[in-house]
Amino acid sequence: PKPKPKPKPKPKGITLETLVDFLGEREETLEAIEIDRLQCASSVKRENFFYVAFGNRRRTAIAVRDSPRVLPNISLALPPSGAPFLAKLDLSNSGSATGSVVLPWVDLMRKCPAMRELRLNGFGGAAGWEPKPRVDSANDPWTSASRDTADGAADGDITDPREGLPGFEHLEVIELGAARVTTSAGYGVGQSGLGGIPFLFRLTHASKKLRELDVTGARERLNPDDLGSVVKRFADRSRRFSADDLAGTLFCEKGESPLRVLRCSKTGWAGAKARGDEGEAFQRLFFLEGDGVGGEKKNVARFPDLRVLELGSQGAHAPLFGDEALVTVVAACHASLERLKIAGSAVTDAGVAFLLRRCAFVNELDASFCRGLSREFRRAAAEGDIRAARRLAAAAADENHAAVLESLSARVLS
């Protein structure tokens, strides 16, 4: 008898043509699209897909994740009149094989006014992305606004501090982390498209609901003094801003930021050779000066509701983060902190013991590759056994070192 032919392997997904036909049939009713691992196809087929997926004004959520090729400028696929209901755009780990990927931030602000989640971690791959327009270029709205005001606008001519300047007023989540890459030496972080605090200010100056921020991999483009100098640098007459306009945003001056999650591995915010010692640098980042009882000045936590803080992670260690910096973080977030990631940091057993004594709600601690910790502490943290870590903290308490850290904490809060 003739041998039976081997059955053809069934595809693990659907073809791009089938997907385009499916989207076309449900054009009037489909509101959200989420696609993972969109495989390479001809440029014509890809463009056709993106125009079909993005081209409906009714879309509320679009996600194209882990896809090597996307449109170099995603705003070209949006309807000319905009996408007024689009609240979520997720392009995480996409565009690594496209080349010259840009983030059309002004177009997204103007075409997608309802945006709540903008997830771009790993967008553009190892090479990252570039903002379009670039900061302070001729097409940057802030540049033209500054020029118009400098040309002689009278005080009464400006009725809105942000007149003509776009912003994400409803934004709750923004992820701008660089791509994770594998090198001959292990894991690393690719290039970041975040050019520094001026661009971050443009993206989030109007976002009073921002609860999650990821700037992993921005390196020296962010430093501990950034947030404290924003009002002085940008909120002046020529930029049409004041400190009151930034109340409730990331750049607030009274500690009312709603931020809940901050991921800033491989940036100056996770440790930098900034002005002053280690503790003072972190104090300038996590605290600002406010009014205390009787009009006395005191330090006020910048992020009083912060629950998740990532300062060190796989391939993005925090070697400049030590016990003094940890004391500052504890003083600022002890009432709310639940998860802390400080992989590759310089903390010691005494520092971690101080953390676990003061932060009752911490239930997750990533202390991998922390060479200053004992093997027992590292093992407990790696296994996620926070109870064992707390027992170790109680047993390993060094009264002298603990007194020093308590003194530092009191000085930070004064």
Packing-based ranking, highest mean first, of 118-131, 183-196, 63-76, 23-36 given that Cβ atoms within 10 Å are counted: 118-131, 63-76, 183-196, 23-36
With the label point 7 Å along the Cα-to-beta-carbon line of A395 and a cut-off under 18 Å to each amide N, the hits in region 311-341 are none
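Can you tell me how much longer the chain between F361 and R233 gets when fully stretched, taken as 0.36 nm per residue apart minus their C-alpha distance, in nm with one decimal? Can you show the working numbers first?
Working: separation 128, 0.36 × 128 = 46.08 nm, distance 3.67 nm.
Taking 0.36 nm per residue and subtracting the Cα distance, the gain is 42.4 nm.
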For region 57-104 and region 174-191, distance of Cα centres in Å: 21
Could you tally the net charge around S75, taking each other residue with its Cβ under 12 Å from the Cβ of S75, Lys/Arg +1 and Asp/Glu -1? +2
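Please work out whether region 84-140 counts as rounded, prolate or oblate from its C-alpha gyration tensor, where a ≥ b ≥ c are the square roots of the eigenvalues and a/c under 1.5 means rounded, while otherwise a/b larger than b/c means prolate and anything else oblate?
Numbers: a/c = 2.70, a/b = 1.13, b/c = 2.39.
Judged from the Cα gyration tensor, region 84-140 comes out oblate (a/c at least 1.5, b/c at or above a/b).
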Accessible surface, region 42-112, averaged per residue in Å² (probe 1.4 Å): 37
So what are the ³J(HN,Hα) numbers for region 167-176, from phi and the Karplus equation (6.51, -1.76, 1.60; θ = phi - 60°), rounded to whole Hz, Gly and Pro as x? x, 8, 6, 9, 5, 10, 9, 9, 10, 10
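Rank-order 198-207, 96-105 by packing density, defined as the average count of other C-beta atoms within 10 Å over each peptide's residues, highest first. Provide the component values of the computation, followed by the final result.
On the way: 198-207: 21.7, 96-105: 18.3.
Top to bottom by mean Cβ count within 10 Å: 198-207, 96-105.
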In Hz, Karplus ³J(HN,Hα) per residue of region 43-60 (6.51, -1.76, 1.60; θ = phi - 60°; x = Gly, Pro): 4, 5, 5, 5, 4, 4, 4, 5, 5, 6, 5, 9, x, 9, 5, 7, 4, 10
Taking the mean number of other Cβ atoms within 10 Å as a proxy for protection, how do you rank 55-62, 169-176 from highest to lowest? 169-176, 55-62
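I'd like the FRET efficiency for E383 and T182, computed as 1/(1 + (r/R0)^6) with the beta carbon distance as r and R0 of 35 Å, rounded to 0.05. Present the calculation step by step, with values, prior to reporting the outcome.
Values: r = 25 Å, r/R0 = 0.72.
Calculated transfer efficiency: 0.90.
On full extension of the chain, what length is gained from F22 through E34, given 0.36 nm per residue of separation minus the C-alpha to C-alpha distance? Spell out each step's value before the answer.
Working: separation 12, 0.36 × 12 = 4.32 nm, distance 1.34 nm.
Result: 3.0 nm gained on full extension.
The values are calculated or read from the model by the stated rules, or taken from the named source; none is laboratory data. Everything quoted here is computed from the prediction, not taken from an experiment. Positions of Cβ are backbone-derived with ideal geometry, glycine not excepted, and every protein chain shown enters the neighbour counts. Only protein heavy atoms, including side chains, enter the accessible area calculation; ligands, DNA and RNA are left aside. Shrake-Rupley method; radii C 1.70, N 1.55, O 1.52, S 1.80 Å.
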